[in-house]
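The values are calculated or read from the model by the stated rules, or taken from the named source; none is laboratory data. Remember, it's a predicted structure, so these values are computed and weren't measured experimentally. Note that we place each Cβ from the backbone using ideal geometry, even for glycine, and neighbour counts take in every protein chain shown.
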Amino acid sequence: MHFKYLSILVSIIVLSQNLTAAEDNFFSQRDKQKHFIATTIISTAVTGYTRSQGYSKVESFFWGFGVAVAAGLLKEGLDGTNSGDQSFDDVKADLLGAIVGALISAQFEWKF
């Protein structure tokens with residue numbers, strides 16, 4: 001059981017190290033911070049809601065993660081059609097935010 005949490009933590013650390021390795025620090029970019037925060041909030045809310053509806057931690061995690069990633073990808077798709085400013089780095093920030101929000105929220109028993 002503890003191995004699962006350790007492997008998730010290591011995955012998050014490796015991903016975040018990859019993002020901070022660039023000369024222009026990934027997390028110092030305002031746009032990336034907004035993507036991370038938005039998807040963290042979305043995944044936390046959806047995960048919390050599904051936990052309150054009786055879903056398991058795993059099911060709730062995937063619901064929260066999936067909805068947040070879908071919202072991030074939709075936003076990037078709209079960016080591409082409007083101005084051509086699609087960014088894979090934005091998607092990375094979305095993925096990291098979705099993982100963090102869903103992992104944290106899935107651990108609680110939510111009552112709405």
Odd one out for VAL69, checked against (1) at pLDDT below 85; (2) in contact with a Leu (Cβ under 7 Å, 6 or more places away or on another chain):
(1)
Which pairs turn up if I take residues in the stretch 59-74 that are within 10 Å of ALA106 (Cα to Cα) and look for partners that are of a type outside the set (Ser, Thr, Tyr) and not in a helix (DSSP H, G or I) with beta carbon separation below 9 Å, at least 6 apart in sequence or on another chain?
SER60/GLN53; SER60/TRP110
Regarding GLU76, is this residue assigned to a helix (DSSP H, G or I), surrounded by 15 or more Cβ atoms within 10 Å (Cβ to Cβ) and modelled with pLDDT under 85?
yes
When (1) part of a helix (DSSP H, G or I); (2) modelled with pLDDT of 80 or more are applied to GLY54, the one that fails is (1)
